[in-house]
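Before any comments, here is the structure.
The values are calculated or read from the model by the stated rules, or taken from the named source; none is laboratory data. The model shown is predicted, which means the values in this text are computed figures rather than measured ones. Ideal geometry is used to build each Cβ from the backbone, glycine not excepted, and the neighbour counts take in all protein chains shown. The accessibility values were calculated without ligands, DNA or RNA, using every heavy atom of the protein model including side chains. Shrake-Rupley method; radii C 1.70, N 1.55, O 1.52, S 1.80 Å.
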Amino acid sequence: MTTTTDAPAPADFADDVARERERRKVALAATLRLFAKLGYEFGFNGHLTVRDPASDDLFWVNPWKVPFGRVRVSDLLLVSAADDPAGRIVQGAADAAVSQTIHDEADLLL
């Protein structure tokens, strides 16, 4: 009996920024929900980020005080680390706050 362990390659949307952005946001929301399911959700939580495909200075992040298990793609915030290490919200709920400083080291982020 032969078994295959190769997973299919993820879709490559490098030429379509909007589709790649949506793919990353869906993956981030799914990851947050998985973290909640695995028990990595407590208190006021923390944050996970993904870089926006349009800029190295823009990141999508989960909003503060929203449980990981309840985060939807539409809840995600776009923050800028270009001139503000605390992460100025560029897109998303105006009353939301980013829980931690956005990483200066881009190598640490997905």
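Can you find a residue in the stretch 35-46 that is aromatic (Phe, Trp, Tyr), in contact (Cβ under 8 Å) with a residue 40 or more places away in the chain and touching a strand residue (DSSP E or B) at 6+ places or on another chain (Cβ under 9 Å)? No, because not a single residue in the stretch 35-46 is aromatic (Phe, Trp, Tyr), in contact (Cβ under 8 Å) with a residue 40 or more places away in the chain and touching a strand residue (DSSP E or B) at 6+ places or on another chain (Cβ under 9 Å).
Conditions (1) part of a strand (DSSP E or B); (2) modelled with pLDDT under 90, marked per residue:
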{"residue": "Phe13", "(1), (2)": "no, yes"}
{"residue": "Ala54", "(1), (2)": "no, no"}
{"residue": "Phe59", "(1), (2)": "yes, no"}
{"residue": "Asp83", "(1), (2)": "no, yes"}
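The residue pairs whose first member lies in the stretch 19-30 and is of a type in the set (D, E, K, R), whose second member is in a helix (DSSP H, G or I) and surrounded by fewer than 18 Cβ atoms within 10 Å (Cβ to Cβ), and whose beta carbons are closer than 7 Å, counting only pairs six or more residues apart or on different chains, are Lys25/Val73. Of all residues in the stretch 59-72, those satisfying the criterion of being closer than 21 Å to Glu20 by Cβ and open to solvent by less than 40 Å² (accessible area, probe 1.4 Å) are Phe59, Trp60, Val61, Asn62, Val71.
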